Amino acid sequence: MPTIFARIIAGQAPATIIYQDELVTAFKDIHPLAPVHILIVPNKEIATVNDVTPDDEAMLGRMFTAARKIAQAMGIAESGYRLLVNCRDDAGQEVYHLHMHLVGGRRLGPMLARRD
Ligand code: AMP
């Protein structure tokens with residue numbers, strides 16, 4: 001079964017596409033956590049960071065150059081933003097198709113809540 005992200009990339013499920021090239025697709029997160037919340041997703045279906053290989057290095061680099069372009073286009077390059085990738089259960093990964101969150105447009109606070 002293709003993931004929801006694979007269906008979005010193929011144009012078979014709705015999304016607000018922000019950027020697409022031969023390696024990655026970026027679209028708005030359906031439940032944004034900040035004024036800007038974009039998901040940058042490889043077009044190739046890779047479940048998690050655990051599943052990447054050296055053959056994926058061009059695509060992994062493209063995720064970052066896409067992030068830079070999108071942040072610039074969204075007007076948050078100077079104010080700053082966070083790039084985040086969840087891997088499996090302890091990180092709370094919900095969709096098993098590798099993706100990078102780009103969040104910004106407000107002060108984001110500490111990266112993790114401190115456990116006492
Ligand atoms: P993660 O917890 O890192 O797997 O993040 C999955 C993200 O995908 C969440 O922030 C969801 O809000 C988002 N999401 C799930 N379904 C969709 C969808 N159909 N379109 C856009 N974003 C989605």
Q. So, in region 68-116, of the ones that are surrounded by 14 or more Cβ atoms within 10 Å (Cβ to Cβ) and hydroxyl-bearing (Ser, Thr, Tyr), which residue ends up nearest to Pro42 (Cα to Cα)?
A. Tyr96
Q.
With the structure loaded, tell me whether Leu39 is more than 11 Å from the ligand (Cβ to nearest atom) and in contact (Cβ under 8 Å) with a residue 12 or more places away in the chain or whether it fails that test.
A. no
Q: Output the strands (runs of 3 or more DSSP E) that fall wholly within region 1-67 and possess 2 or more residues being within 14 Å of Leu98 (Cα to Cα) and open to solvent by less than 20 Å² (accessible area, probe 1.4 Å), or say none.
A: 24-28, 36-42
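The values are calculated or read from the model by the stated rules, or taken from the named source; none is laboratory data. Just so you know, these numbers come straight off a predicted model, no measurement behind them. With ideal geometry, Cβ positions are generated from the backbone for all residues, glycine too; neighbour counts draw on all protein chains shown. Surface accessibility is based on the protein's heavy atoms, side chains included, excluding ligands, DNA and RNA. Shrake-Rupley method; radii C 1.70, N 1.55, O 1.52, S 1.80 Å.
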